[in-house]
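Novice: If you scroll down you'll find the structure; I have some questions about it.
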Amino acid sequence: MEIPEYQPKQIEAEVQEYWHQQQSFRVTEDPDKEKFYCLSMFPYPSGQLHMGHVRNYTIGDVISRYQRMQGKNVLQPMGFDAFGLPAENAAIKNQVAPAEWTYQNMAYMKEQLKRLGYGYDWSRELATCRPDYYRWEQWLFTKLVEKGLAYKKMSVVNWDPVDQTVLANEQVIEGKGWRSGAPVERREISQWFIRITDYAEELLADIDKLEGWPDAVRTMQRNWIGRSEGIEIDFKTEQGQAVTCYTTRPDTLLGVTFIAVAAEHPLAKQAAQGSEEIANFIEECKQVASAEAELEKLEKKGKPLGIQVIHSISGEKIDVWVANFVLMAYGTGAVMAVPGHDQRDWEFATKHNLDIKPVITPADGSRLDISEAAYTEYGLCINSGEFDGLDYESAFAAVADHLEQQSLGRRRVNYRLRDWGVSRQRYWGCPIPVVYDEQENVYPVPDDDLPVELPEDVALKGVGSPLTDMPEFLQTHVPGGHAPATRETDTFDTFVESSWYHARFCCPDSDQAMLDQRANYWLPVDQYVGGVEHAVLHLLYARFFHKLMRDIGLIDSDEPFTRLLTQGMVLKDGAKMSKSKGNTVDPQAMIDQYGADTVRLFVMFASPPEQALEWNDDAVAGANRFLRRLWNSVHSNHDYFQAASDLIQFDQAGQARWLSLPQSESAKALRLVVHQLLQRIQRDYAKHHFNTVIAACMEMTNAIEKADQTEPEQAAVCYEALTVITKVLAPIAPHITHVIWQRLAGTTELIDAGWPQVDEQALVSDSIEYVIQVNGKLRGHLKVASSASKDEVEKLVIDDPAVKRYTQDKPIRKIIVVPGRLVNVVC
RNA sequence: GCCCAGGUGGCGGAAUUUGGUAGACGCAAGGGACUUAAAAUCCCUCGGGAUAAUAUCCCGUGCCGGUUCGAGUCCGGCCCUGGGCACCA
């Protein structure tokens, strides 16, 4: 029989059209079926898909299709994270409105996603830049304002003094503005914040529940929240002005030799008024971008303010310094310095010739040496008056009690986590729905006036937001009155939109409420898939928003994502694929050349999903070769399968039913291999080790090709094996398997076909091959009857002539038998 | 600077429920078959070294040390690479 050629372009178009006609991936809530909600992080519409997207979405699609074949009601939606900085940059560069650019990109990328054969329910598509989406986050924000969970305060931004604009951290290159080249300054402006710190305790505690998340991500989130127990201490000036410091080491309180405050601290500002030197220093501190990584790398500098405070216990006078390593956004913006027992303080004190006072000594009695570095371990108090001899815990309690009695301090739980600043001084984002009257009083926009729509037809000049030049947007009235008011021109951080899209996908057309009852059917997301780079920020904000929505009564669940898979980067020549490095591979070109199935297969085969993937053009061709081999194997052996049909038949779910099991040794051996491989495949699918699933399919294909198809029992085993391969490969290469399935089994829909089961009978074998070691070194193999007892195995091994060669005449000291696997003879 | 990962052949990676045959599967490379030729396909070899040898032996999972009958896997100390650090998304 003539074997038809494998033509991916043609069959993929046909199969995709079939799914479209059948509406195969459109789902509704079905209380009788177990639901499975699989979500991949939606893309920013930058123009075209890159390989990172292809990898992310292939992983998500494989999991979705796998779960569907387990009989679940699977929701897999897709949309666009459409607001953001790149649209503004493109607008300036190409003279096109950000909205137009974004909508064009979304249309193109949607076609690419369809071409890859992903099983999305497109009826649920959403884009965050559409008013029917963002009106609900505006609504939620107004509720947060009413509840006091959103508030305004001064905070620092990167300011480009030439372009007169705020820069993102990314736009600051080596301390200079990316366009102007001018040194960036830190500037304080009034911005909106959401009280994520009110939820710090719950966000921390619930990490324990996230058993389906990678431990690395859970650890990073715990550390990011950074709960600590300590005390807050007031140090007062002689005039009674207090400087409050937070410390987790109250046992070192008597070792404080100076206080350091941030440049933005009120005391520093006050001192600057009387001293040009201090004013200059504070100015110097501002000539640095606001990113923490930058600040931490700075040379530690400071100046005495000429202000002294009184030590809360010793009564000594202590100098207050302003220092560039103290962050205003952290704790109280002031730290008590203990150079003897904190390394950074030690370095600062050494440099500025400040006192270093030892107050902790090693508990084991070894000699304290702080001449080269601070001693930062816990120990026993010394030089601390009434606290001498106490260990860390008793000293903590004693100092805290003492300060609380004197009203000079208090126990406090502190978090490293800071409130979430959501204001952005940008145009292409969701307008923050508040207005200000002439006295700067704040009014949240009432529900009936939402959404506050962003004008889309604008020209961008690159200086400031166009909204500030649009009186029709800007000018309004106070809600319910006639007094003139001005709209907020800042927009939300785009992390706000991506913090709740997972919920909106459940009911994207709900126009009476942010979410409706359908959300509780689908939520929480059973499997979330996306890049590790989101391990902290996005994933923490989404967890936070989920709890906000719960507390406002919209949903029942506490956490948004039950399981999380963080996929690795896509590399080429050892570096991350990126335009700037010029090492990108266009997914479209690969799809055009080999088809979507080949690209999907390669991406899943090249490495396990969590690890980095090294792109290799030749290996893509190899993936295509495997699909062709499979295709040819199905078609060339078809006649033999017909001949084997009195041995094996398939039920409606496509499950193999043997009418009489194979009797020949060769067929039984082949079937043992097939079912052993299937066992591995089951295990690896459950663990998301798709690369080894594919390797096992390749091994199975190799085994079939070596078999003698003219022998009916072997042909029947091959037939069974091919149905197994087709099914387990269906989630990965859905088009070719759809067509092959028609050929093999006929009637049932492959996307809903049952999953193949391991036949325990096929795994039974009457002998086991043991690995033989002498003194831990591999010395041979020995076939032993499966029924042999441990003692029998031992005896067989000792008597084995090959083993005798190695043991010589040395007495055998010990024999270790690992049942079914290995024997180690020690002599 | 701080937090989190990862280092296995020429390359991507594999090594079962966390200690039990290191290198599955694929790519590349070399040799051969088929072909007028090429492509495609098929067969063989493929960590390093010693050796006439597909026999046998030694070495080998970033580096140094430890635990164990046995370590890629566990423990201690380093080195290097990658991700995140709150305005890239």
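The values are calculated or read from the model by the stated rules, or taken from the named source; none is laboratory data. Since this is a predicted model, take the numbers as computed values, not measurements. When we count neighbours, we look across all protein chains shown, and the Cβ atoms used for this are built from the backbone with ideal geometry, even at glycine. Side chains included, ligands, DNA and RNA excluded: accessible areas come from the protein's heavy atoms. Shrake-Rupley method; radii C 1.70, N 1.55, O 1.52, S 1.80 Å.
Novice: Restricting to the range A:152-186, what's the tally of residues that are of a type in the set (Ser, Thr, Tyr) and touching a Phe, Trp or Tyr at 6+ places or on another chain (Cβ under 6 Å)? Steps first, please.
Specialist: Taking the range A:152-186 first, the residues of a type in the set (Ser, Thr, Tyr) are A:155, A:165, A:180.
Add one more test, that the residue is touching a Phe, Trp or Tyr at 6+ places or on another chain (Cβ under 6 Å), and what stays is none.
So the answer is 0.
Novice: Six or more apart or on different chains, Cβ atoms under 7 Å: show the pairs whose first residue is in the range A:642-666 and on the phi > 0 side of the Ramachandran plot and whose second is outside any helix (DSSP H, G or I) and open to solvent by less than 100 Å² (accessible area, probe 1.4 Å).
Specialist: Correct list of pairs: A:654/A:745; A:654/A:748; A:654/A:753; A:654/A:754.
Novice: Right, something else. Which of the residues spanning the range A:63-111 are surrounded by fewer than 17 Cβ atoms within 10 Å (Cβ to Cβ) and more than 16 Å from RNA strand B (Cβ to nearest atom)?
Specialist: A:70, A:71, A:94, A:95, A:96, A:100, A:104, A:107, A:108, A:111
Novice: For the range A:602-619, name all the residues that are more than 6 Å from RNA strand B (Cβ to nearest atom), open to solvent by less than 30 Å² (accessible area, probe 1.4 Å), touching a residue at least 60 places away in the same chain (Cβ under 8 Å) and not β-branched (Val, Ile, Thr). Spell out how you get there, then give the answer.
Specialist: First, the residues of the range A:602-619 that are more than 6 Å from RNA strand B (Cβ to nearest atom): A:602-605, A:609-610, A:613, A:615, A:617.
Subset that is open to solvent by less than 30 Å² (accessible area, probe 1.4 Å): A:602-604, A:609, A:613, A:615.
If we keep only those that are touching a residue at least 60 places away in the same chain (Cβ under 8 Å) as well, we get A:603-604, A:609, A:613, A:615.
Answer for the range A:602-619, where residues must be more than 6 Å from RNA strand B (Cβ to nearest atom), open to solvent by less than 30 Å² (accessible area, probe 1.4 Å), touching a residue at least 60 places away in the same chain (Cβ under 8 Å) and not β-branched (Val, Ile, Thr): A:604, A:609, A:613, A:615.
Novice: Does any residue in the range A:731-742 that is on the phi < 0 side of the Ramachandran plot come within less than 7 Å, Cβ to Cβ, of a residue that is assigned to a helix (DSSP H, G or I) and of a type in the set (Lys, Arg) six or more places away or on a different chain, and which pairs are these?
Specialist: Here the result reads A:731/A:65; A:732/A:600; A:733/A:600; A:734/A:65, each pair linking the range A:731-742 to a residue that is assigned to a helix (DSSP H, G or I) and of a type in the set (Lys, Arg).
Novice: Report the residue count in the range A:389-426 for those that are charged (D, E, K, R) and in a loop (DSSP other than H, G, I, E, B). First the steps, then the outcome.
Specialist: Let us first name the residues in the range A:389-426 that are charged (D, E, K, R), namely A:391, A:393, A:401, A:404, A:410-412, A:416, A:418-419, A:424, A:426.
Applying the additional criterion that residues be in a loop (DSSP other than H, G, I, E, B) yields A:391, A:416, A:418-419, A:426.
Summing the residues that are charged (D, E, K, R) and in a loop (DSSP other than H, G, I, E, B) in the range A:389-426 gives 5.
Novice: While we're on this one: Looking at the range A:817-827, which of its residues are within 6 Å of RNA strand B (Cβ to nearest atom) and either part of a loop (DSSP other than H, G, I, E, B) or farther than 21 Å from residue A:787 by Cβ (or both)? Before the answer, list the steps.
Specialist: Within the range A:817-827, the first condition is being within 6 Å of RNA strand B (Cβ to nearest atom), and the residues that meet it are A:818, A:821-822, A:824, A:826.
Within the range A:817-827, A:821, A:824, A:826 qualify.
Novice: I need a count of the residues in the range A:669-704 that are of a type outside the set (A, V, I, L, M), more than 23 Å from residue A:211 (Cα to Cα) and within 26 Å of the chain's Cα centre (by Cα). Lay out the reasoning, then the answer.
Specialist: The initial filter retains those residues of the range A:669-704 that are of a type outside the set (A, V, I, L, M), namely A:671, A:675-676, A:679-680, A:682-685, A:687-692, A:697, A:699, A:701-702.
With more than 23 Å from residue A:211 (Cα to Cα) added as a condition, the list becomes A:671, A:675-676, A:679-680, A:691-692, A:697, A:699, A:701-702.
In the following step, the residues that additionally are within 26 Å of the chain's Cα centre (by Cα) were identified as A:691-692.
The total comes to 2.
Okay, residues lined up against (1) open to solvent by 10 Å² or more (accessible area, probe 1.4 Å); (2) charged (D, E, K, R); (3) in contact with a Pro (Cβ under 6 Å, 6 or more places away or on another chain); (4) more than 16 Å from RNA strand B (Cβ to nearest atom):
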site	(1), (2), (3), (4)
A:521	yes, no, no, yes
A:530	no, no, no, no
A:541	yes, no, no, no
A:558	yes, yes, no, yes
A:569	yes, no, no, no
A:580	yes, no, no, no
A:583	yes, no, no, no
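Novice: Can you name the residue in the range A:1-41 that is of a type in the set (Ser, Thr, Tyr) and in contact (Cβ under 8 Å) with a residue 40 or more places away in the chain and, of all such residues, is farthest from residue A:501 (Cα to Cα)?
Specialist: Just the residues of the range A:1-41 that are of a type in the set (Ser, Thr, Tyr), to begin with: A:6, A:18, A:24, A:28, A:37, A:40.
After this cut, where a residue has to be in contact (Cβ under 8 Å) with a residue 40 or more places away in the chain as well, the list is A:6, A:18, A:24, A:37, A:40.
Working: A:6: 40, A:18: 29, A:24: 23, A:37: 13, A:40: 11 Å.
Filtering the range A:1-41 for residues that are of a type in the set (Ser, Thr, Tyr) and in contact (Cβ under 8 Å) with a residue 40 or more places away in the chain, the one farthest from residue A:501 (Cα to Cα) comes out as A:6.
Novice: Moving on to the next point. Name the residue, out of A:329, A:323, A:374, that is surrounded by 18 or more Cβ atoms within 10 Å (Cβ to Cβ) and touching a residue at least 40 places away in the same chain (Cβ under 8 Å). Before the answer, list the steps.
Specialist: Working: A:329 fails: surrounded by 18 or more Cβ atoms within 10 Å (Cβ to Cβ); A:374 fails: touching a residue at least 40 places away in the same chain (Cβ under 8 Å).
Unique residue meeting the criteria: A:323.
Novice: Which ones in the range A:773-793 are over 23 Å from residue A:673 (Cα atoms), touching a residue at least 12 places away in the same chain (Cβ under 8 Å) and more than 8 Å from RNA strand B (Cβ to nearest atom)?
Specialist: Scanning the range A:773-793 gives A:774, A:790, A:793.
Novice: Taking the conditions exactly as written (open to solvent by less than 30 Å² (accessible area, probe 1.4 Å), in contact (Cβ under 8 Å) with a residue 24 or more places away in the chain, over 27 Å from residue A:624 (Cβ atoms) and not hydroxyl-bearing (Ser, Thr, Tyr)), does residue A:798 satisfy them or not?
Specialist: Numbers: open to solvent by less than 30 Å² (accessible area, probe 1.4 Å): no; in contact (Cβ under 8 Å) with a residue 24 or more places away in the chain: yes; over 27 Å from residue A:624 (Cβ atoms): yes; not hydroxyl-bearing (Ser, Thr, Tyr): yes.
When the stated conditions are applied, residue A:798 does not pass them.
Novice: Could you name every one of the strands (runs of 3 or more DSSP E) located completely within the range A:430-499 that has at least 1 residues being among the basic types (Lys, Arg) and within 30 Å of residue A:544 (Cα to Cα)?
Specialist: Numbers: elements: A:434-437, A:442-444, A:475-477, A:484-487.
Where strands (runs of 3 or more DSSP E) fall fully within the range A:430-499 and carry at least 1 residues being among the basic types (Lys, Arg) and within 30 Å of residue A:544 (Cα to Cα), they are A:484-487.
Novice: What tally of residues in the range A:154-183 results from selecting those that are in contact with a strand residue (DSSP E or B) (Cβ under 7 Å, 6 or more places away or on another chain), touching a residue at least 60 places away in the same chain (Cβ under 8 Å) and either part of a loop (DSSP other than H, G, I, E, B) or of a type in the set (Lys, Arg) (or both)?
Specialist: Residues flagged as in contact with a strand residue (DSSP E or B) (Cβ under 7 Å, 6 or more places away or on another chain), touching a residue at least 60 places away in the same chain (Cβ under 8 Å) and either part of a loop (DSSP other than H, G, I, E, B) or of a type in the set (Lys, Arg) (or both) within the range A:154-183 amount to 2.
Novice: Looking only at the range A:304-320, which residues are under 20 Å from residue A:263 (Cα atoms) and open to solvent by 60 Å² or more (accessible area, probe 1.4 Å)? Break it down stepwise before answering.
Specialist: If we filter the range A:304-320 for residues that are under 20 Å from residue A:263 (Cα atoms), which is where we start, we get A:304-309, A:318-320.
Correct list: A:304, A:306, A:308, A:319.
Novice: Go through the range A:649-706 residue by residue and tally those that are under 29 Å from residue A:602 (Cβ atoms) and in a loop (DSSP other than H, G, I, E, B).
Specialist: Residues flagged as under 29 Å from residue A:602 (Cβ atoms) and in a loop (DSSP other than H, G, I, E, B) within the range A:649-706 amount to 4.
Novice: Touching an Asp or Glu at 6+ places or on another chain (Cβ under 9 Å) and over 30 Å from residue A:73 (Cβ atoms): is that true of residue A:804 in this structure?
Specialist: Numbers: touching an Asp or Glu at 6+ places or on another chain (Cβ under 9 Å): no; over 30 Å from residue A:73 (Cβ atoms): yes.
Answer is no for this residue.
Novice: Would you mind finding the one in A:222, A:187 that is within 10 Å of RNA strand B (Cβ to nearest atom), free of Cβ contacts under 8 Å to residues at least 24 places away in the same chain, within 21 Å of residue A:329 (Cβ to Cβ) and open to solvent by 30 Å² or more (accessible area, probe 1.4 Å)? Give the steps one after another, and end with the answer.
Specialist: Details: A:187 fails: free of Cβ contacts under 8 Å to residues at least 24 places away in the same chain.
Sole residue among the options that is within 10 Å of RNA strand B (Cβ to nearest atom), free of Cβ contacts under 8 Å to residues at least 24 places away in the same chain, within 21 Å of residue A:329 (Cβ to Cβ) and open to solvent by 30 Å² or more (accessible area, probe 1.4 Å): A:222.
Novice: How many of the residues making up the range A:563-585 are within 20 Å of residue A:519 (Cα to Cα) and in contact with a Leu (Cβ under 8 Å, 6 or more places away or on another chain)? Walk me through how you get there before you give the answer.
Specialist: Keep residues of the range A:563-585 that are within 20 Å of residue A:519 (Cα to Cα), which gives A:563-564.
Next cut, in contact with a Leu (Cβ under 8 Å, 6 or more places away or on another chain) only: A:564.
Result for the range A:563-585: 1.
Novice: Only residues that are among the aliphatic types (A, V, I, L, M) and more than 11 Å from RNA strand B (Cβ to nearest atom): list them for the range A:622-641, please. I'd like the intermediate steps shown before the answer.
Specialist: Filtering the range A:622-641 down to residues among the aliphatic types (A, V, I, L, M) leaves A:623, A:627, A:630, A:634.
A:634, the sole residue that qualifies.
Novice: Exactly one condition in (1) crowded, with 20+ Cβ neighbours inside 10 Å; (2) part of a helix (DSSP H, G or I) is not met by residue A:10; state its number.
Specialist: Evaluating residue A:10 over (1) crowded, with 20+ Cβ neighbours inside 10 Å; (2) part of a helix (DSSP H, G or I) leaves (1) as the failure.
Novice: State which residue is farthest from the chain's Cα centre (by Cα) when the search covers only the range A:620-668 and only residues that are open to solvent by 40 Å² or more (accessible area, probe 1.4 Å) and under 30 Å from residue A:593 (Cα atoms).
Specialist: Ranking the candidates gives A:636 first.
Novice: Could I ask something else about it? If you take the residues of the range A:543-556 that are part of a helix (DSSP H, G or I) and open to solvent by less than 10 Å² (accessible area, probe 1.4 Å), which of them is farthest from residue A:203 (Cα to Cα)? Before you say what the answer is, go through the steps one by one.
Specialist: Residues of the range A:543-556 part of a helix (DSSP H, G or I): A:543-551.
Now restrict to residues that are open to solvent by less than 10 Å² (accessible area, probe 1.4 Å): A:543-549.
Working: A:543: 7, A:544: 7, A:545: 11, A:546: 11, A:547: 9, A:548: 11, A:549: 14 Å.
The extreme case among them is A:549.
Novice: Go through the range A:502-539 and report how many residues are within 27 Å of residue A:226 (Cα to Cα), part of a helix (DSSP H, G or I) and in contact (Cβ under 8 Å) with a residue 24 or more places away in the chain.
Specialist: Residues of the range A:502-539 within 27 Å of residue A:226 (Cα to Cα): A:502, A:524-525, A:527-539.
Next cut, part of a helix (DSSP H, G or I) only: A:502, A:532-534, A:537-539.
Filter again for in contact (Cβ under 8 Å) with a residue 24 or more places away in the chain, leaving A:502, A:532, A:534, A:537-539.
Of the residues in that region, 6 qualify.
Novice: Moving on. If only one of A:724, A:728, A:717, A:693 is over 21 Å from residue A:624 (Cα atoms) and either without any contact (Cβ under 8 Å) to a residue 12 or more places away in the chain or crowded, with 20+ Cβ neighbours inside 10 Å (or both), which one is it?
Specialist: Numbers: A:724 fails: over 21 Å from residue A:624 (Cα atoms); A:728 fails: over 21 Å from residue A:624 (Cα atoms); A:693 fails: over 21 Å from residue A:624 (Cα atoms).
Going through A:724, A:728, A:717, A:693 in turn, the sole match is A:717.
Novice: If we keep just the residues of the range A:745-781 that are hydrophobic (A, V, I, L, M, F, W, C) and part of a strand (DSSP E or B), which is nearest to residue A:657 (Cα to Cα)?
Specialist: Restricting attention to the range A:745-781, the residues satisfying the condition of being hydrophobic (A, V, I, L, M, F, W, C) are A:745, A:750-751, A:753, A:755, A:758, A:762-764, A:768, A:771-772, A:774, A:778.
Still in the list and also part of a strand (DSSP E or B): A:768, A:771-772, A:774, A:778.
Details: A:768: 28, A:771: 36, A:772: 39, A:774: 46, A:778: 42 Å.
Taking the candidates together, the pick is A:768.
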